Amino acid sequence: MLWPRLSGAVFLWVVCCSLVAMVESGIGVNWGTISSHRLKPSTVVDLLRENKISKVKLFEADSDVLKALMGSGIQVMLGIPNQMLPLLSSSTAAADLWVRQNVSAYVGRGGADIRYVAVGNEPFLSSYNGQFGNLVIPAILNIQQSLVKANLAGYIKLVVPCNADAYQTSALPSQGAFRPELTQIMTQLVQFLNSNGSPFVVNIYPFLSLYNNEDFPQEYAFFEGTTHAVQDGSNVYTNAFDGNYDTLVAALVKLGYGQMPIVIGEIGWPSDGAIGANITAAKVFNQGLINHIASNKGTPLRPNAPPMDVYIFSLLDEGAKSTLPGNFERHWGIFSFDGQAKYPLNLLLRNKLLKNARNVEYLPSRWCVANPSSDLTNVVNHMRLACSVADCTTLNYGGSCNEIGEKGNISYAFNSYYQLQMQDSRSCDFDGLGMVTFLDPSVGDCRFLVGVTDKGSDSSTSQTTYQLWIIVLVMILQGTLFLSI
């Protein structure tokens, strides 16, 4: 749609956005830990340092991870899971205790360089049906007061990572606005962020736009140019990222905060688990993103002003994540679960290519496969059992192991379970249908994994539950938790 001239509103946006200071964006990564084969935190920190990655975003306060980050010089955005918002929003004592246990205990000379605390993770997601929305502002105010008490508020900033569905999608970025039911909360949030010098954090996923909409132009999801450019007045959008980003800018302008700094909390492309999720697409997207950000061109509504920071999602594959959104959820990493680079990628951080994790402690080089001399007629229940525990997502349609044949599928499922059980010989029995081999059964792009000796600690959910119980127990013992809370 061509407009002969800029409307007054668009002109105002251009003026406001041109006032945003030009910054050099920092490239960071999201470090998730929902994995059945979890590397030692010290190994991951070494991986970050080896690749000159100086910013990391965590989804929860894991004591082992925070200890490993101490003295590393890596800047940390520390997350508070949504499940903790009810308690933290209703109790200042709980907020004080959380800050004391998870922030104050790790910062200081030689400590972890915590720069941000992320209160919730996409708490306004429409699929939550408002479950967490009204808890965010009370929680963020309580945590802020706790940081003040700890003399940390001048250094550590609070943010709230938002999904892009917090603002309404529109054919034209300039028409962007927050969802009507969020207008009041978003106004309060951006007022708080502005008064405390915090950025607005948003997660943008062009892959999901493509995955969820069969009519979405594929090339528009990338940065290589498109024949489906979006014309918005005098502005032309050639990629989904710029269009989505400026939709947020327009929404912020409508609230009177057009100059607010923006950080991309999550963005990336999965390498497996769905049609369009593959090594080639992931490499093209992530390299295109990095080059686009590094060019400092910005976007049409914020020319020469790229995001403050961009956190790629993600550092490592997480083989125990929920597959409810799709099988690709376990394959976002630029590194596989064991810290091995999946493809050449230049982060423009003084290394030309990614460097693999070093000193990874693997289990012995042996695999569990289907016994070729056995009758596999009744194997279905065994496969179902194996894949209910282990990760078999690459076997599904669109996955890298989808075309390795029936026996290959059985062997992959058996081996995934076997490695998860730390190669316990009994876990490869399957009523005589399985056998151990020392010959790598990997086929083409389908990799049969070998586990790591450090199987990993509790999942994110159990870690969060444990933290909640500790906080509640301590508060009960101190007499600060009442039955009304």
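The values are calculated or read from the model by the stated rules, or taken from the named source; none is laboratory data. Given the structure is predicted, the values throughout are model-derived calculations rather than measurements. Cβ sites come from the backbone with ideal geometry, for glycine too, and all protein chains shown count toward neighbours. What goes into the accessible areas is simple: the full protein's heavy atoms, side chains included, and nothing from ligands, DNA or RNA. Shrake-Rupley method; radii C 1.70, N 1.55, O 1.52, S 1.80 Å.
Descriptive notes on the structure:
- Additional length obtainable on full extension of the chain from Lys352 to Ser54, 0.36 nm per residue less Cα span: 105.7 nm
- A Förster distance of 41 Å, applied to the separation of the beta-carbon atoms of Leu385 and Tyr128, puts the FRET efficiency at 0.80.
- Peptides ranked, highest mean first, by Cβ atoms within 10 Å: ranges 82-95, 120-133: 82-95, 120-133
- Between the range 266-328 and the range 206-239, the Cα center-to-center distance that results, in Å: 15 Å
- Apolar share of the accessible surface for the range 277-361: 52 percent from carbon plus sulfur atoms, 1.4 Å probe.
- Inverse of mean 1/r across different Cα pairs in the range 238-319, Kirkwood, Å: 13.9 Å
- Using Cβ point charges alone (K and R +1, D and E -1), the dipole size of the range 208-284 about the Cα centre works out to roughly 220 debye.
- Candidates Ser400, Tyr412, Val76 compared by Cα position along the dipole of the chain: farthest toward the positive end lies Val76, with charges placed on Cβ.
- Mean Cα-pair separation over length for the range 87-231, i.e. relative contact order, pairs under 8 Å, 6 or more apart, %: 22 percent
- By average C-beta atoms within 10 angstrom, highest first, the peptides 346-352, 184-190, 414-420: 414-420, 184-190, 346-352
- Overall form of the range 35-79 per C-alpha gyration tensor (a/c, 1.5; a/b vs b/c): oblate
- All Cα pairs of the range 87-196, percent lying beyond 16 Å: 61 percent
- When the helices of the chain are scored as -39500 (n - 2.57) per DSSP H run of n ≥ 4 and the total is divided over every residue, the value at 222 nm lands at -9500 deg cm²/dmol.
- Under a model in which nothing but the beta-carbon of Lys, Arg (+1) and Asp, Glu (-1) is charged, the chain shows a dipole of about 1380 debye around its Cα centre.
- The C-alpha atoms of the range 260-372 occupy a region whose extents along the principal axes are 62, 34, 23 Å, arranged from largest to smallest.
- For Ile267, neighbours were defined as the other residues whose beta-carbon sits under 14 Å from its Cβ, and their charges (Lys and Arg +1, Asp and Glu -1) total -2.
- Simple spin-label estimate for Lys149 and Gln175 gives 4.8 nm between the two label positions (7 Å along the Cα-to-Cβ direction from each Cα).
- Evaluated at q = 0.16 Å⁻¹, a Debye calculation over the C-alpha positions of the range 362-409 (equal weights, vacuum) places log10 I(q)/I(0) at -0.55.
- In the context of the full set of protein chains, residues of the chain present 44 Å² of accessible surface per residue (probe radius 1.4 Å, heavy atoms only).
- Average Cα contact separation per residue, the chain, under 8 Å, 6 or more apart, as relative contact order %: 19 percent
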